[in-house]
Amino acid sequence: MKSSKILAMLVLLGVLVALPWIGGYATQRLMVEVFTLYAIALAWNLLAGYGGIVAVGQHVFIGIGAYSLFFLSTSFGLNPWLMLPAAVVITALFALLFALPMFRLRGAYFAVGTWVLAEITRIAVLNSDWLGAGAGMPLSTMMGITRWLRNAGIYWAALAVGVGSLGVVWWLLRGRLGLALLSVRDNEAAAAASGVNVLRTKVILWLVAAAITGLAGAVAYMNTLQVTPSASFSLNWTAAAIFIAVLGGIGTLEGPLIGVLVYFLLREMFSSYGSWYFIVLGCIAILTMLLAPGGAWSLLTRRRPLDPFGIRRMLS
Amino acid sequence: MFLELGDVRKAYGRSVVIPGLSLAVGEGEFVGVIGPNGAGKSTLFGVISGGLVADSGQVKLAGADISRIDAAGRCHLGIARTFQIPQPFLGLTVYENALVSATFGAKLDGHEAEAAACQALEQTGLLPLANNAADTLTLLQRKRLELARAIATKPRLLLLDEVAGGLTDAEVIELLELIVRINQSGVTVLWIEHLVHALVSVAQRLVVLAEGQIVADGKPREVLEVPAVRETYLGSDLDDDNEVPQPQSGDSHAAC
Ligand SMILES: Nc1ncnc2c1ncn2[C@@H]1O[C@H](COP(=O)(O)OP(=O)(O)OP(=O)(O)O)[C@@H](O)[C@H]1O
Ligand SMILES: [Mg+2]
């Protein structure tokens, strides 16, 4: 990498880390949303774009991640930040538990299956008194922490989730798993004939996506201090992730970055229009799929190929 | 026996393509497989490579029953196949296509995988196109990529499904030389090809399939004398005694 590129990235990172001293609470809270939703969209895009796995019920991992953190922290009086790794592990275990039944389903059945899983889990939580049933759970362990520190701490966690998930996915795609994924995405039969263990590749991808989503969900609900089944297990999360991935470019590492920026730009500008806003979002997504199926990133790279993350393997 | 099929049966739904087929191939053999369209040749390769699961019967490799092993597992055991209709990874480059085989089929890492992929591209003449996207390849180039990918898995058993179709004579000769070299390095080869002549010039053994059954099996010259086989290939170039394919007179240019 060129040193100017590294310098630019360090400056950007420095500004992002320093945001709590620069911007107000509102900015920080918005950025928490941006980073967590980015990570969720990145995970959805990883599943769909690299694994050919369309997970309509990806929001189940948001609920599981958020509830893991809230339950552990509130029940045992533990520092919520320290519970973030636990949220990752629990979400990944949950994903592992359901991987085998889910991956017996093919194509559209899988997509619907993940959604059914999310619904069943939501209803199970809704009927669990130990998780606060329909009213959900507060994050009472946040009480003793000053407002500044709470906001800054959640913001930094979200920043770490956003940057960290990009780093993890980048690292995975550059390695063996990335090559296996791309081959499976393009042609499962040929991948298997070339020695790629298709099922194992997909399950690993599923676990990684679940872990990222669970972590992002946990941080997103730290931001709101209250988790409920209807909000955390909501299809809206997945819908937003799909919108971001489709708009930016499915199957690219750059896509969700662009997509998330456009998504929040549109939201900040038009969300006051209520349901019209959602109709416009839907229309934009459909138009993108029709006119530029590769998303915004494909438009940018049409004339000259760009590979800013250097994940392609070139023979020199 | 290196490869043994014991009473293998395969049907697609109700249509029985292979009613019950047994075949034994020794290690290092070079077997040509011919037969009319729809005879079940590609289906046979599917059953051997694990892409298709036989309804009944056994597939054995080096004495071990591999009937229940999936396609990836059989690739790891050394079975590589090309697809009659090329199945490249369209979103990857030519080099990356071969790298998948070297990495997961041959289980190589880093420089070794790169070298194996390069060698396979070199052998198939695709090296100049290494960094091109696979979806820019022509059909013939895609067929070569099939071959490169199969070679890059470092197979012990190579299943070739019509890799020579559409080649010029010079290219066919080059291809024959390559396959013979691979065979001489110890790789067992089964090769389906409609260019009977090309096949006969290199194969030690010829198997003729019709309606999912072996109708003739033996030395190529003798097999081609079998009346049933002559009947099937009546009007084709069997009577021609040349070793290598000859340019057909009154070529396709006449049509233009
Ligand atoms: N996936 C499939 N589903 C249903 N029928 C199939 C399928 N694949 C092949 N068949 C049928 O099975 C029969 C054998 O096909 P196969 O491809 O094995 O023949 P082949 O000997 O390779 O023929 P060709 O010389 O044309 O390649 C054909 O009648 C074909 O239509
Ligand atoms: Mg065939």
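Readers should treat all values here as calculations from the given coordinates under stated rules, not as data from a laboratory. The structure displayed is predicted, hence computed values, not measured ones. Cβ coordinates were reconstructed from backbone atoms using ideal geometry, including for glycine residues, and neighbour counts include every protein chain displayed.
Observations
- Estimated 222 nm signal from helices in chain A, with DSSP H stretches of n ≥ 4 weighted -39500 (n - 2.57), rounded to 500: -23500 deg cm²/dmol
- Projected label distance in nm at B:Gln184 and A:Met143, using a 7 Å step from Cα toward the beta-carbon: 8.5 nm
- Most tightly packed first, judged by the mean number of other beta-carbon atoms within 10 Å of their residues, the peptides A:114-120, B:140-146 read B:140-146, A:114-120.
- The ranking of B:Val100, A:Val246 from fewest to most other beta carbons within 10 Å of each one's beta carbon is A:Val246, B:Val100.
- Under 5 Å between amide hydrogens, built in the peptide plane, is the criterion, and for A:Val227 it picks out A:Met137 among residues at least 5 positions away or on other chains.
- Going by neighbour counts of Cβ atoms within 10 Å, the residues A:Phe110, B:Phe2 line up, fewest first, as B:Phe2, A:Phe110.
- Placing a label point 7 Å from the Cα of B:Glu177 along the Cα-to-Cβ direction, the residues of the range B:112-145 whose backbone N falls under 16 Å from that point are B:122-126.
- Report note on the peptides B:175-188, A:49-62: ranked by the mean count of other C-beta atoms within 10 Å, highest first, their order is A:49-62, B:175-188.
- Pairwise FRET efficiency - A:Ser4 versus A:Tyr109, Cβ, R0 = 60 Å, nearest 0.05: 0.75
- Counting only Cβ charges, +1 for Lys and Arg and -1 for Asp and Glu, the dipole size of chain A around its Cα centre is about 780 debye.
- Note on B:Asp65 and B:Ser15: the extension gain reaches 15.4 nm, defined as 0.36 nm multiplied by sequence separation minus the Cα-Cα distance.
- Tensor-based shape of the range A:204-282 (alpha-carbon gyration tensor, a/c under 1.5 rounded, otherwise prolate or oblate): oblate
- Shape of the range B:42-85, Cα gyration tensor, a/c cut at 1.5: oblate
- Diffusion coefficient (Stokes-Einstein, Kirkwood radius over C-alpha pairs, 37 °C, 0.692 mPa s) for chain A: 162 µm²/s, rounded to a whole number.
- Chain B - share of DSSP beta bridges that are antiparallel (%, nearest 5): 55 percent
- Taking the fewest neighbouring Cβ atoms within 10 Å as the starting point, the ordered list for A:Trp206, A:Trp148, A:Trp170, A:Trp44 is A:Trp148, A:Trp170, A:Trp206, A:Trp44.
- Rounded, prolate or oblate (a/c below 1.5 giving rounded, otherwise prolate when a/b exceeds b/c) for the range B:122-171 by Cα gyration tensor: oblate
- The range A:88-122 versus the range A:133-156: alpha-carbon centroid distance in Å: 29 Å
- For chain B, averaging the sequence separation of C-alpha pairs within contact (under 8 Å, six or more residues apart) and dividing by the residue count gives a relative contact order of 24 percent.
- Relative to one another, the C-alpha centroids of the range B:31-91 and the range B:101-166 are positioned 18 Å apart.
- Checked against a 22 Å cut-off, the cross-linked pairs B:Lys10/B:Lys41; B:Lys154/B:Lys219; A:Lys202/B:Lys107; A:Lys202/B:Lys143; B:Lys143/B:Lys219 give Cα-Cα distances beyond that limit for B:Lys154/B:Lys219; A:Lys202/B:Lys143; B:Lys143/B:Lys219.
- The length gained by stretching the chain between A:Val116 and A:Ile284 to full extension, at 0.36 nm per residue less their Cα-Cα distance, is 57.8 nm.
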